[in-house]
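The values are calculated or read from the model by the stated rules, or taken from the named source; none is laboratory data. For clarity, every value in this text was computed on a predicted model and none was experimentally measured. Cβ coordinates were reconstructed from backbone atoms using ideal geometry, including for glycine residues, and neighbour counts include every protein chain displayed.
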Amino acid sequence: MSSVSHELKDTSVASSKWLDAHYDPVANLYTFSSCIALSDLHGDGENKLVVGDLGTGVCNVKLKVYRGTGVLSESTLLDLPTGLVSFLMDLHEPRTPAIAVASGPFIYVYKNLRPYFKFTLPSLEVNPLEQDVWSQAKEDMIDPMTLKEMLEGLRDKAEIPLSVRSLRFLMLEPQEMENFVLLHKEQPIRRQTVITCIGMLKKNMADEDAVSCLVIGTENGDVYILDPEAFTILYKDVVTSICFGRYGREDGTLIMTTKGGGLIVKILKRTAVFDDRDSAPGPPIAQSIRLNVPKKTKLYVDQTLRERENAVAMHRAFQMDLSRLRLAAARAYVKALESSLTPMSASLTEPLKMNAVVQGLGPSFKLTLNIQNTASCRPVMNLAISFLYDENLYSMRTAFFKIPLLVPGLNYPIDTFVECLSDKGISDIIKVRLSPYYLL
């Protein structure tokens, strides 16, 4: 019997149209058909398997790339993916496709297996009656129970659905409602849909390596076509079904039915050029500006590899240089304080700024001191200036000044003349002391 079963098994394998290339029952890979794509990510003619792994549904949600039977790279996703596609977004060489992952109201675009761009769906219209009800709650005109009754009435009759905030509020227990209102009443109300499916549509020509637009469908029945370069919305309509493919003799045909019972058939021209449309109600304008990412040069790649191999040593050298810089700055600051070279006062009660200007070629010099009160509104008074110098080298016409009242913001110049007594070219420091009059 054993030999017969082996013969039957060998016969079925031989007659099968498939070869068993790989089987791993413990690969820990959980996904759907919409989250799998095959793509030549590096332009080397070897297609990779790109998978949006759902993980446990709470954690370990990742974008995985397989080459052969092993994982080439992993990138963590912030939320569960609903679909992913591989598409060409520009004509730059080498022609490497990007990966677009739909997750919630966002589309995450990866280029060269690195995060490249994030697109956010436009916000939906908010029910004006719902806004008015929450405005009354914000002004404490109604209590939480009244708010609940009014929102329940809007939910049953309004044409525009309630926002997620109102729906969450209606699900709360009575004892939890007051805290919820206090937490959210100051925030604006927003309605945000989510992406349910994603695909691509050739933009200008039907070639296999042509630039493609992203086509996304949302939970509320909208379909958006996004420009692949600026990621702006090129087309939007409310549809109930959609189909794309060959219709008659035309390869690029888009067929849609609308909520009102209409039928729409669109044929993509080979020379079609999409125009950007105004999307003011949607995401900010900065999202439409494409990042100017330079091409990677050989020098950049070599430098990146060097930094990766010597990361620890470079970090230690940086920390050492930073410590030396801090030490040098601290020493200079202490030296300035000890030698009184700082032009700013360290006292908060007398905020003053002073600088000195020396004019002349010698042996006679003119010394001008500029004093300024840097306080906002309080004047400074009862100050005096004295000079400390070597009397064997210099003589001063006036070595002591009593300073008048200093009004904030005004500059007060004080002049004196210095005579050099030595004919040998010897110089020394002249210190200026500004202090209260009673201390001199």
| said: Looking at (1) outside any strand (DSSP E or B); (2) within 25 Å of the chain's Cα centre (by Cα); (3) at pLDDT 85 or above, which one does Ile216 not meet, given that it meets all the others? | reply: (1)
| task | Test Glu130 against the stated conditions and say whether it is surrounded by fewer than 18 Cβ atoms within 10 Å (Cβ to Cβ) and acidic (Asp, Glu). | result | no
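Are any residues in the stretch 237-248 farther than 13 Å from Lys266 by Cα and of a type outside the set (Gly, Ala, Ser), and if so, which ones?
Answer for the stretch 237-248, where residues must be farther than 13 Å from Lys266 by Cα and of a type outside the set (Gly, Ala, Ser): Val238, Val239, Thr240.
Could you count how many residues in the stretch 138-169 are more than 34 Å from the chain's Cα centre (by Cα) and not β-branched (Val, Ile, Thr)?
Counting residues in the stretch 138-169 that are more than 34 Å from the chain's Cα centre (by Cα) and not β-branched (Val, Ile, Thr) gives 19.
Here is a yes/no grid of residues against (1) assigned by TED's automatic domain parsing to the domain that holds Gly52; (2) β-branched (Val, Ile, Thr):
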{"residue": "Asp140", "(1), (2)": "no, no"}
{"residue": "Thr146", "(1), (2)": "no, yes"}
{"residue": "Met150", "(1), (2)": "no, no"}
{"residue": "Gly153", "(1), (2)": "no, no"}
{"residue": "Ile198", "(1), (2)": "yes, yes"}
| query | Any idea how many residues of the stretch 187-209 are exposed (fewer than 14 other Cβ atoms within 10 Å of the Cβ) and either closer than 20 Å to Trp134 by Cβ or basic (Lys, Arg) (or both)? | reply | 3
| field | Tyr224 vs. criteria at pLDDT 85 or above, part of a strand (DSSP E or B) and either under 22 Å from Met89 (Cβ atoms) or of a type in the set (D, E, K, R) (or both) | value | yes
| field | All positions within the stretch 400-424 that are free of Cβ contacts under 8 Å to residues at least 24 places away in the same chain and aromatic (Phe, Trp, Tyr) | value | Phe401
| request: Could you list, in sequence order, all residues of the stretch 173-189 that are part of a helix (DSSP H, G or I) and either in contact (Cβ under 8 Å) with a residue 12 or more places away in the chain or closer than 19 Å to Glu125 by Cα (or both)? | output: Pro174, Met177, Glu178, Phe180, Val181, His184
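Answer yes if at least one residue in the stretch 156-164 is surrounded by fewer than 19 Cβ atoms within 10 Å (Cβ to Cβ) and either aromatic (Phe, Trp, Tyr) or under 30 Å from Val61 (Cα atoms) (or both), and no otherwise.
Yes, there is a match, as at least one residue in the stretch 156-164 is surrounded by fewer than 19 Cβ atoms within 10 Å (Cβ to Cβ) and either aromatic (Phe, Trp, Tyr) or under 30 Å from Val61 (Cα atoms) (or both).
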| For the stretch 387-404, how many residues meet the condition of being over 10 Å from Thr416 (Cα atoms) and either over 57 Å from the mean Cα position of the chain (by Cα) or not assigned by TED's automatic domain parsing to the domain that holds Ile426 (or both)? | 9
| Being in the same structural domain as Gly52 (by TED's automatic domain parsing) and modelled with pLDDT under 85, is that true of even one residue in the stretch 95-108? | yes
| request: Having 3 or more residues that are surrounded by fewer than 12 Cβ atoms within 10 Å (Cβ to Cβ) and out of contact with any helix residue (DSSP H, G or I) (no Cβ under 7 Å at 6 or more places or on another chain) is the bar; report the strands (runs of 3 or more DSSP E) wholly within the stretch 348-440 that clear it. | output: 352-359
